[in-house]
Ligand SMILES: *Cc1c(COP(=O)(O)O)cnc(C)c1O
């Protein structure tokens, strides 16, 4: 089986983790946690980084420190991994889903702008919804597959309407918007180091921000909100969301390899895009000029995606559709879904988009196998009938 996106442990992972084991610093205390945080802040060009047990926990903490309270509303793109919406729900806030752009697959900021203009009002420097007077405290752009939405426009809206921007940058480590690293453009940002991400700690997450108060609060809440370590005095409800030292050690080793990971992802993307340029109606994600993408998961918008998925499966090649749109999940069917009256881009993308193997350790031979299989599917009428789809 050629897998979709798997870890590449070609650096000093063994050495750093062995050091943790040899010195007995395996748990929540140890120097690798702060080293990983410092290196992540430096890498992303932000002032502070706070590690967490996974990206979902990091998102939850970010929303809390950004002031999202129970009863608030938070805007999330309709195409995202469930973690973005779940984190909003954990705070007691209500997620509102906004459709995405047909070419970039990111939150449609023009659509958001017109919806804000028609559906909100300002009350004591807060943005409130006309429908139920809920406060819109935050908008969470998700940098889907390493690409980014129009962040300039979004930051202007944030200022105009008084909301904060919490970037779900889980998939976009190594991506830049106009030269600024993802996660460091909004007020606070989150990365994930899950096994399929561009770099991994097995499981892990990181919050980045330039807001010192928020960073300190996030660290505090992630460590059970302990105010007196000797007497075990806690003055509020906290969480056990820490990343342990062994995993932070792995993170340091992975981060050292980011330049080569980015290079490999870029090479894979270029090769695929060139190979599929001749196939009609098969289009990769559009990366705007303002964005430098990390090319995390190579994905195509194509006809008969489920037929291709099955065909690839038979050839022992793993592929995966985009996530089911949030508004189609049973928990969220009653939530507001903002879209153009006659359009449902999310639904269309979910039906048509397929990610194909692009691990940083994918060999040229494996990539050629994938290319041959995709080309064979579309040129062989036994498998694919363009008129029928
Ligand atoms: C991976 C991911 C997360 C976080 O996932 P964890 O497994 O909790 O680290 C959040 N949002 C998106 C869009 C993701 O892809």
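Just a few scattered comments:
- Based on Cα contacts under 8 Å between residues 6+ apart, the chain shows a relative contact order of 24 percent.
- Label-point separation in nm, residue 155 to residue 6, each point 7 Å along Cα→Cβ: 4.0
- In this label model, residue 117 and residue 227 are separated by 4.8 nm, measuring between points 7 Å along each Cα→Cβ vector.
- Here region 94-228 yields Rg over Rh of 1.00, to two decimals, using C-alpha coordinates and the Kirkwood radius.
- With the largest listed first and rounded to whole Å, the semi-axes of the equivalent ellipsoid of the chain from the Cα gyration tensor are 34, 29, 16.
- A straight line joining the Cα centroids of region 1-41 and region 318-369 runs 31 Å.
- Residue order, fewest to most surrounding Cβ atoms within 10 angstrom, among 149, 127: 127, 149
- The stretch between residue 86 and residue 376 holds 100.4 nm of extra length on full extension. This uses 0.36 nm per residue minus the Cα-Cα distance.
- Here the label points at residue 102 and residue 306, each 7 Å from Cα along the C-beta direction, are separated by 2.2 nm in the simple model.
- Entry note, the chain: the mean residue ellipticity at 222 nm calculated from DSSP H runs of n ≥ 4, each adding -39500 (n - 2.57), is -11500 deg cm²/dmol after division by the residues and rounding to the nearest 500.
- 90, 232, 298, 378 arranged by Cβ crowding within 10 Å, fewest neighbours leading: 232, 90, 378, 298
- Computed on region 104-156, with alpha-carbon pairs under 8 angstrom and 6+ residues apart, the relative contact order is 41 percent.
- Relative contact order for region 157-239, counting Cα pairs under 8 Å that sit 6 or more residues apart, in percent: 18
- Put the Cα centre of region 80-113 next to the Cα centre of region 225-284 and the gap is 20 Å.
Values in this text are rule-based calculations from the coordinates and carry no lab data. Only a predicted model underlies this, so the values are computations on that prediction, with no experimental measurement involved. Please note: Cβ atoms are built from the backbone with ideal geometry, for glycine as well, and neighbour counts cover all protein chains shown.
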